[in-house]
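The values are calculated or read from the model by the stated rules, or taken from the named source; none is laboratory data. Bear in mind that the values here come from a model prediction, so they are computed numbers and not experimental data. Cβ coordinates were reconstructed from backbone atoms using ideal geometry, including for glycine residues, and neighbour counts include every protein chain displayed. Quick note on the areas: whole protein, heavy atoms, side chains included, nothing else; ligands and nucleic acids left out. Shrake-Rupley method; radii C 1.70, N 1.55, O 1.52, S 1.80 Å.
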Amino acid sequence: MIIELLTSKYPGMRIWLSQRITAVVMAVYSVLLIVALLIVSPDGYAAWSDFASSFLFRISTFLFFICLSVHAWIGVRDVLRDYIFNQTLRTYLQVMVDLLLVIYVVWLSIILWGL
Amino acid sequence: MKLSIYRFDPDVDEKPYMQDYEVELQEGDNMLLDALLRVKHQDDSMSLRKSCREGVCGSDAMNINGKNGLACITRIADLTEPVIVRPLPGLPVIRDLVVDMTQFYEHFNSVDPYLKNDDSLPETERLQSPEDRAKLDGLYECVLCGACTTSCPSFWWNPDKFVGPAALLQAYRFIVDSRDHAEAERLENLEDPYRLYRCHNIMNCVEVCPKKLSPNAAIVAIKDLKIELSKERGEDKPAKKYLELSWVEYEKR
């Protein structure tokens, strides 16, 4: 099954498929967000605040950001592996990117749930 | 006609250099290879590979005005002068326009480019329906010139690990062959993170193929097939749904 393809038994497929799945999730979210904004068309601070604090918005935006992080992680990882030949520099850059992505996700959680 | 040709003889030269030539074309000189052979008459130290001179053997693949192609089927009339001729990029140069294609052939060999069928031999040949035969159109025509693989950035960055468009096209050619019974094994053989998945659909392969084939479509089809196979795993069957589409139909999708 598809889930099996995301395990370490399929090292190549796992990475490729994750990038495709996250891309689909992001595309769907983007369309839904536009449609939702058109339908709700929030006007003023209170309306925007209501819109942004709904559970559906929070959870879908969080999911979107997780997907964005995974997608970006794979992409940047491939670029670093192709272009940076110095192992130390590559590891350093990779750790920086990973750290940045984690910070973004934590930051987003703080914004979304006001933790 | 003016040409600028990449010259390098590792026994004599320290560094490669570009040499300018001017040749007088004669009647019947229509293709770049004709002009290169005029150069060869002028300066017989200039080396290149060629054989059939009609786009069938794939020997004279080179980089022509920045784009890989076969000199023998590249029309002089379509080229801007001076024509800059270099060896295929990304492969070691043996001399002038002659490159060492060992790596290219190793990748080709790694996909087992031959029919695997353990059934007992039939009395005559193994038959194929016209529909099954049609699935090989757009695949069997490859002449292994190497123009696609050497124009692929994924191959430039990982020449030892990424199999490259030419070999992947060949892999697919045997995967869809109705006479071959090793589909699952062939798909497993491409599971490594580099061998197949380093293709990022850059499409240079499609752009340069002198036979107008689409290695990229074959690569996409292999990836789809691997997903299909996983759904049917356990039944020990290839992914029939895709295999039943003819290649031409697949490309149109």
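Helices of chain A meeting both criteria, an alpha-carbon length of 15 angstrom or more along the long axis and an average Kyte-Doolittle score not below 1.0, with helices taken as full DSSP H segments, are A:11-40, A:55-83, A:87-113. Highest GNM mean-square fluctuation among B:Glu131, B:Glu27, B:Glu54, for chain B modelled with Cα contacts below 10 Å: B:Glu27.
Of the residues B:Leu48, A:Thr7, B:Val99, the one whose Cα sits farthest toward the positive end of the charge dipole of the protein assembly as shown, with +1 on the Cβ of Lys and Arg and -1 on the Cβ of Asp and Glu, is A:Thr7.
Which FRET efficiency value, to the nearest 0.05, is calculated for A:Ile39 and B:His200 with the Förster distance at 22 angstrom and r the Cβ-Cβ distance?
Details: r = 37 Å, r/R0 = 1.67.
For A:Ile39 and B:His200, the calculated efficiency is 0.05.
A loss of 30 Å² or more of accessible area (1.4 Å probe, protein heavy atoms, ligands and nucleic acids excluded) relative to the isolated chain is seen in these residues of segment A:1-45: A:Met1, A:Ile2, A:Leu5, A:Tyr10, A:Pro11, A:Gly12, A:Met13, A:Trp16. Derived scalar couplings between HN and Hα for segment B:47-62 equal 9, 8, 9, 6, 8, 6, 6, 9, x, 10, 8, x, 6, 9, 6, 7 Hz in order, rounded to whole Hz, by the Karplus curve 6.51 cos²θ - 1.76 cosθ + 1.60 (θ = phi - 60°), x for Gly and Pro.
Determine the total buried accessible area between chain A and chain B, counting protein heavy atoms only with a 1.4 Å probe; round to the nearest 100 Å².
Working: alone 8220 and 13280 Å², together 20010 Å².
Summing both chains' loss of accessible area gives about 1500 Å².
Under 5 Å between amide hydrogens, built in the peptide plane, is the criterion, and for B:Val99 it picks out B:Ile94 among residues at least 5 positions away or on other chains. Put a plus charge on the Cβ of each Lys and Arg, a minus charge on the Cβ of each Asp and Glu, and nothing anywhere else: the dipole of segment A:33-95 about its Cα centre is then about 300 debye. Could you give the distance between the Cα centres of segment B:139-183 and segment B:2-78, to the whole Å? Here the answer is 26 Å between Cα centres. Annotation: cysteines of chain B without a disulfide-compatible partner (Cβ-Cβ under 4.7 angstrom) are B:Cys72, B:Cys142, B:Cys145, B:Cys152, B:Cys199, B:Cys209. Residues in the protein assembly as shown average 54 Å² of solvent-accessible surface per residue, probe 1.4 Å, ligands and nucleic acids excluded. Return the loop-located chymotrypsin sites (Phe, Trp or Tyr not before Pro) in segment A:1-89 (DSSP other than H, G, I, E, B) with at most 10 other Cβ atoms within 10 Å of their own Cβ; answer none if there are none. Passing sites in segment A:1-89 are A:Phe85. Here B:Lys40 is the anchor, and the aspartates and glutamates within straight C-alpha reach of less than 20 Å, apart from those fewer than 8 places off in the same chain, are B:Asp9, B:Asp11, B:Asp13, B:Asp20, B:Glu22, B:Glu24, B:Glu27, B:Asp29, B:Glu54, B:Asp60, B:Glu81, B:Asp96. Full extension of the chain between B:Asp100 and B:Arg179 yields a length gain of 25.1 nm, computed as 0.36 nm times the residue separation minus the alpha carbon distance. Listed by chain and number, the aspartates and glutamates whose C-alpha is less than 18 Å from the C-alpha of B:Lys161, apart from same-chain residues fewer than 8 away, are A:Asp78, A:Asp82, B:Asp100, B:Glu106, B:Asp112, B:Glu188, B:Glu191, B:Asp192.
Of B:Lys67/B:Lys135; B:Lys67/B:Lys223; A:Lys9/B:Lys223; B:Lys50/B:Lys135; B:Lys67/B:Lys211, which pairs sit farther than 21 Å apart, going by alpha carbon to alpha carbon? Mind dumping the intermediate values first?
Numbers: B:Lys67/B:Lys135 29 Å; B:Lys67/B:Lys223 28 Å; A:Lys9/B:Lys223 16 Å; B:Lys50/B:Lys135 31 Å; B:Lys67/B:Lys211 14 Å.
Among B:Lys67/B:Lys135; B:Lys67/B:Lys223; A:Lys9/B:Lys223; B:Lys50/B:Lys135; B:Lys67/B:Lys211, the Cα-Cα distance tops 21 Å for B:Lys67/B:Lys135; B:Lys67/B:Lys223; B:Lys50/B:Lys135.
Taking Cα centre as origin and charging only the Cβ of basic (Lys, Arg, +1) and acidic (Asp, Glu, -1) residues, the dipole magnitude of the protein assembly as shown rounds to 1100 debye. Calculated FRET efficiency, B:Asp160 to B:Cys57, Cβ-Cβ distance, R0 = 25 Å: about 0.40 to the nearest 0.05. Solvent-accessible area assigned to carbon and sulfur over chain B amounts to 48 percent, based on a 1.4 Å probe. Burial of accessible area (probe 1.4 Å, heavy atoms of protein chains only) in segment B:177-208, relative to its chain alone, reaches at least 50 Å² for B:Glu191, B:Tyr197, B:Arg198. Estimated from helical segments only, the mean residue ellipticity of the protein assembly as shown at 222 nm is -15000 deg cm²/dmol, where each DSSP H run of four or more residues counts as -39500 (n - 2.57).
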